[in-house]
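Encoded as structure tokens, the structure appears first; notes follow it.
The values are calculated or read from the model by the stated rules, or taken from the named source; none is laboratory data. Given the structure is predicted, the values throughout are model-derived calculations rather than measurements. With ideal geometry, Cβ positions are generated from the backbone for all residues, glycine too; neighbour counts draw on all protein chains shown.
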Amino acid sequence: MVVTAAHSAPSDLADPRHCGVAPTEFPDVTIRSGLHPAAGGFGDTPCSGDILASALAICEESTLRSVAANMGVELESVRGEVRIHWDFRGTMGVDRDVPVGATGIEMRTQVKVKDGVDAERAKRLLSSAERYCPTLQTLRHGVEVKTEFALE
């Protein structure tokens, strides 16, 4: 079993619109984030939604590249795009009938393989990349999330 983790990084607690986190395995890397402008942020740093979209795009492209290498398929170009839709009325507590969180995700991956790659093999590459992208599969199928909030 592999575990990935992140933790809070030092940041100005007097600033309610920004924070930082660090991947546990990369303590010298701090990901700075802030609230989306629709939630009162300044739009000067990526929001958590931007980071979630980026995580999905990273996972899909790295999975696609890995699968292509394992299949011996040479890539000429890869372009991935992820769009996540939100209705901030739920997040902001304006309408209790609107769920908090994303309302939909669109992912588009365009791949051009080198000349001479069999069309069926190229299609297998795409379906395998979709099947083995763990972030995509986690978002599609969900996973139990255990939480603990505590006051010190």
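Which pairs turn up if I take residues in the range 1-12 that are within 16 Å of Glu25 (Cα to Cα) and modelled with pLDDT of 95 or more and look for partners that are surrounded by fewer than 10 Cβ atoms within 10 Å (Cβ to Cβ) and not acidic (Asp, Glu) with beta carbon separation below 6 Å, at least 6 apart in sequence or on another chain?
Close Cβ pairs satisfying both conditions: none exist.
Read through the list (1) modelled with pLDDT of 95 or more; (2) not in a helix (DSSP H, G or I), then give the number of the only condition that Val67 fails.
With (1) modelled with pLDDT of 95 or more; (2) not in a helix (DSSP H, G or I) applied to Val67, the lone miss is (2).
Taking interchain pairs and intrachain pairs at least six residues apart, which have beta carbon atoms under 8 angstrom, with the first residue in the range 81-96 and within 30 Å of Glu130 (Cα to Cα) and assigned by TED's automatic domain parsing to the domain that holds Met107 and the second of a type in the set (S, T, N, Q) and not in a loop (DSSP other than H, G, I, E, B)?
These pairs meet every condition: Glu81/Thr109; Val82/Ser54; His85/Thr103; Trp86/Thr103; Asp87/Thr103.
Can you pull out the residues in the range 96-132 that are buried (at least 17 other Cβ atoms within 10 Å of the Cβ) and closer than 18 Å to Ser62 by Cβ?
Met107, Thr109, Val111, Val113, Leu125, Ser128, Ala129, Glu130
Take Glu74 and decide whether it is in contact with a helix residue (DSSP H, G or I) (Cβ under 8 Å, 6 or more places away or on another chain), loosely packed, with under 13 Cβ neighbours inside 10 Å and at pLDDT 95 or above.
So Glu74 passes the test.
Do we have any residue at all in the range 50-61 that's touching a Cys at 6+ places or on another chain (Cβ under 7 Å), assigned by TED's automatic domain parsing to the domain that holds Val111 and in a helix (DSSP H, G or I)?
yes
Search the range 115-132 for residues that are within 17 Å of Glu76 (Cβ to Cβ) and in contact (Cβ under 8 Å) with a residue 60 or more places away in the chain and pair each with any residue that is in a helix (DSSP H, G or I) and of a type in the set (A, V, I, L, M, F, W, C) when their beta-carbon atoms are under 7 Å apart and the residues are at least 6 apart or on different chains.
Correct list of pairs: Leu125/Val67; Leu125/Ala68; Leu125/Met71; Ala129/Leu64; Ala129/Val67.
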